[in-house]
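Each remark here refers to the structure printed beneath this line.
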Amino acid sequence: MNLRRMFEKEKMWTYSNLLSFSRIFIGMFLYYGISRRLLSFSFFLAVLAVFTDFADGYLARKRNEISELGKILDPLGDKVTVALVAIALHYAYGLPLWIVLLIIGRDILILIGSVILIEKLQNVVASEMPGKVAVTIIAGLLLAYLLDWNFLKPLLLYLTVLVVLVSFFFYLLRFFKMILKSKLNN
């Protein structure tokens, strides 16, 4: 499928899409701030990233700007930012490498599945609640490492493993259901 054709009819430069896109750049600055152990700068950027994540969805619904591009940019912005922050926290604050690989591996597999579904279904499948819960718990874990909240780290590590696995299997099941449905409709 030609992605260009998919987006031809849409307004691409909406406020909500710009906020989603900006999160990728915020992620790059976050990586820099965390790797340099600039706590105040990094915390401010983390709050800004969370704000853009909530604001893009709110604006998309409020201003009727829900778009196929937005359905791609929002989770992509989340995934890129989370990956950059996790990698920086591993090197600068000791976030275990196995959890970094688990988080990034899940996101890569979800992205691959999303591309396959775009090709097969000719549209973008939106994120679902298990993925949003996973991102929230992962953000809590990353924040606990950034702020060195040792009392929360073990609990959030276990919760992160749980939500990453649950959300991955949810998306895997949804992927196979959608593939099967598309084959039955053809």
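Please treat every number below as a calculation from the coordinates, not as lab data. What you see is a predicted model; the values in this text were computed from it and never measured. Please note: Cβ atoms are built from the backbone with ideal geometry, for glycine as well, and neighbour counts cover all protein chains shown.
When the chain is fully extended, how far beyond the present Cα-Cα distance does W98 get from R61, taking 0.36 nm per residue of separation?
Once the chain is fully extended between W98 and R61, it gains 9.6 nm.
If r is the Cβ-Cβ distance from S22 to F54 and R0 is 22 Å, what FRET efficiency results, to the nearest 0.05?
E(calc), rounded to 0.05, equals 0.95.
Using only the Cα atoms of the chain, build the gyration tensor, take square roots of its eigenvalues as a ≥ b ≥ c, and label the shape rounded, prolate or oblate: rounded if a/c is under 1.5, else prolate if a/b is larger than b/c, else oblate.
oblate
Local charge sum around K177 (other residues, Cβ-Cβ under 15 Å, Lys/Arg +1, Asp/Glu -1)?
Result for the neighbourhood of K177: +3.
At a 10 Å Cβ-Cβ cut-off, how would you order L69, L162, fewest neighbours first?
In increasing order of surrounding Cβ atoms, one gets L162, L69.
With only Lys, Arg, Asp and Glu charged, each at its Cβ (+1 for the first two, -1 for the last two), find how big the charge dipole of the chain is about the Cα centre; round to the nearest 20 debye.
380 debye
Which FRET efficiency value, to the nearest 0.05, do you get for L162 and K132 by plugging their Cβ-Cβ distance into 1/(1 + (r/R0)^6) with R0 = 22 Å?
Computed FRET efficiency for L162 and K132: 0.90.
How high is the relative contact order of the chain, in percent, counting Cα pairs under 8 Å that sit 6 or more residues apart?
24 percent
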